[in-house]
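Please read the structure below before turning to the comments.
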Amino acid sequence: MHFDVLARFQLDAPAVSCERYGCGHINETYLVVTESGRRYILQKISNRAFPDVAGLQENISAVTEFLHTQTDDPYGALTLIPTDEGKVWLHLGENSDWRVYDFIEGSICLQKPETAEDFYQSAIAFGTFQQQLAGFPAHTLHETIKNFHNTPDRYRIFKEVLAKDVMGRAKDVQPEIDFALAHEEMGSRLVGLLNEGKLPLRVTHNDTKLNNVMLSESERKPLCVIDLDTTMPGLSAYDFGDSIRFGAATAAEDEKDLSKMEMDLELFRTFTRGFLKACPGLTGEERKALPLGAMTMTLECGVRFLTDYLDGDHYFGIHYPDHNLDRCRTQFKLVTDMEAKWDEMMKIVEEEG
C-alpha cells in the first residue's frame with residue numbers, strides 16, 4: 001500500500017510495510033517500516049480541511065526547522081523527510097498530497113489525561129512550544145484556516161445563519177441564542193486587545209489537546225508537540241484557553257446532564273502552573289489575558305456548535321439530531337461556571353505567574 005508514494009521520499013531504505021496508524025480524523029496516517037527497521041509516519045493531507053497545502057507545508061517546514069535550533073534533542077521537534085526532489089511534500093494531483101515525518105521513537109500518545117500529572121505535562125509541552133517559538137516571526141506564517149479564532153468573525157457568521165434560519169430551529173433554542181448574543185462583547189475582547197497592540201502576535205498551535213503531545217514512554221515527560229496543521233499566527237491565550245476548555249472540564253463535550261459540567265479549579269491551577277513555568281517569556285498583559293482566553297475559546301466553541309445546529313449540521317459530525325445543540329449547551333454552561341469562578345481564576349494566574 002502506497003509504496004509508489006514512499007519511493008518518492010528520501011527514506012533510509014526501501015519500505016517493507018505501510019499500515020494505517022493512530023486516531024486522527026482529518027488526515028490519513030500510516031506507520032512505515034523500512035528494510036533497516038527504521039520507522040516513519042506517512043500522511044495523506046486532507047485538501048478538504050486544508051485547501052492551501054503549499055502554505056500549510058511552508059508553515060510546518062519553517063516552524064520545525066526553527067524548533068530544531070532551540071533544542072538538542074532530535075525528537076524535540078517533528079522532522080520532515082524531503083522528497084526525491086528535495087521538497088517538503090509530494091503533490092501527485094488533485095486530493096493526492098503526501099508528507100513523511102521521522103517516527104518519534106520511545107514515545108507514547110495519550111488520548112486524554114489519565115492523571116493530573118498528565119495534564120501538567122501537556123501544559124509543559126505547550127508552554128515550551130510557545131517559549132521556543134517566541135523569536136519566530138509569527139506574521140510570516142500562512143493562516144491555514146482563515147479567521148480560525150477570530151471570535152468577532154465567528155459571531156458575524158452566527159448572525160448570518162440565525163437570520164436565514166434555514167432549518168426553522170431558532171424558535172426552539174432562544175435561550176442559547178440569547179446567551180450567545182449577550183456574550184458577544186466579551187468574546188471580542190481578545191481580538192480587540194490584539195488590534196490595540198496590547199497583546200503580541202505569537203505562533204500558536206490551536207489544537208492544544210494532550211493527544212497532540214508525544215510523551216516519553218520511560219518518564220512520561222513531553223518529547224515534542226505534533227499535529228502542526230493549525231499552527232499559525234495567534235495569541236498565547238488561544239492555546240492556553242483551548243487546553244482549559246477541554247482538559248479542565250468535568251464532563252464530556254456532549255454531556256446531556258448539564259449539572260455535571262463545570263471547570264475544575266484545581267486542574268486550572270495545574271495547567272496554569274505548568275504553562276507559566278515553561279513559558280516565562282509571556283508579557284504581563286498576556287498572563288492577565290489567560291483566564292479570558294479560557295472563557296473566549298469556550299464561548300467561541302459553543303457559538304460554532306450553535307451556528308452549525310441552526311445551519312443544518314454541515315460542519316461537525318453528529319451522531320443524533322440534537323448533538324450540536326447538546327455540545328453548545330455544555331460549552332455555555334462551562335462559560336457560566338468560569339464567570340462564577342472568574343476572581344479565583346485571576347488569583348491563580350497571579351499566584352502561579
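Listed values, structure above:
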{"item": "Kirkwood Rh and Cα Rg combined as Rg/Rh, segment 1-112", "result": "0.94"}
{"item": "Most to least packed among 334-343, 28-37 [average Cβ atoms within 10 Å]", "result": "334-343, 28-37"}
{"item": "Calculated from backbone phi, Karplus (6.51, -1.76, 1.60) coupling profile of segment 49-61 in Hz, x at Gly/Pro", "result": "7, 10, x, 9, 5, 4, x, 4, 6, 4, 4, 5, 4"}
{"item": "Full-extension gain in nm, residue 17 to residue 108, via 0.36 nm per residue minus C-alpha separation", "result": "30.7 nm"}
{"item": "Extension gain, residue 3 back to residue 65 (0.36 nm per residue minus Cα-Cα distance, nm)", "result": "19.6 nm"}
{"item": "Qualifying lysines (Cα of each under 23 Å from Cα of residue 209; at least 8 residues distant if same chain)", "result": "44, 112, 146, 221, 256, 260, 277, 288, 333, 341"}
{"item": "Angle between the chain longest axis and helix 116-132 axis [Cα atoms, degrees, rounded to 10]", "result": "70 degrees"}
{"item": "Derived scalar couplings ³J(HN,Hα) [segment 248-256; Karplus, 6.51 cos²θ - 1.76 cosθ + 1.60; whole Hz; x for Gly, Pro]", "result": "9, 6, 8, 9, 5, 4, 10, 4, 7"}
{"item": "Inter-probe distance in nm under a simple model that places probes 7 Å from Cα toward Cβ, at residue 140 and residue 185", "result": "4.1 nm"}
{"item": "Residue order, fewest to most surrounding Cβ atoms within 10 angstrom, among 166, 349", "result": "166, 349"}
{"item": "Average projection area in nm² (convex hull over Cα atoms of segment 83-232, one quarter of hull surface)", "result": "14.0 nm²"}
{"item": "Taking 2, 142 and counting other C-beta atoms within 10 Å, the order from fewest to most", "result": "2, 142"}
{"item": "Aspartates and glutamates whose Cα lies under 12 Å from that of residue 198, excluding same-chain neighbours fewer than 8 positions away", "result": "285, 286"}
{"item": "Cα-projected label distance for residue 340 with residue 38, points at 7 Å along beta-carbon direction, nm", "result": "5.6 nm"}
{"item": "Between segment 294-345 and segment 123-176, the alpha-carbon center distance in angstrom", "result": "12 Å"}
{"item": "Simple label model, 7 Å out from Cα along Cβ direction - residue 196 to residue 48, nm", "result": "4.2 nm"}
{"item": "Computed [θ] at 222 nm, helices only, for the chain once each DSSP H run of length n ≥ 4 contributes -39500 (n - 2.57)", "result": "-13500 deg cm²/dmol"}
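A short reminder: the numbers here are calculations on the coordinates, not readings from a lab. Owing to the predicted nature of the structure, the values given are computational and were not obtained by experimental measurement. All Cβ positions, even for glycine, are placed from backbone atoms using ideal geometry, and neighbour counts span all protein chains on display.
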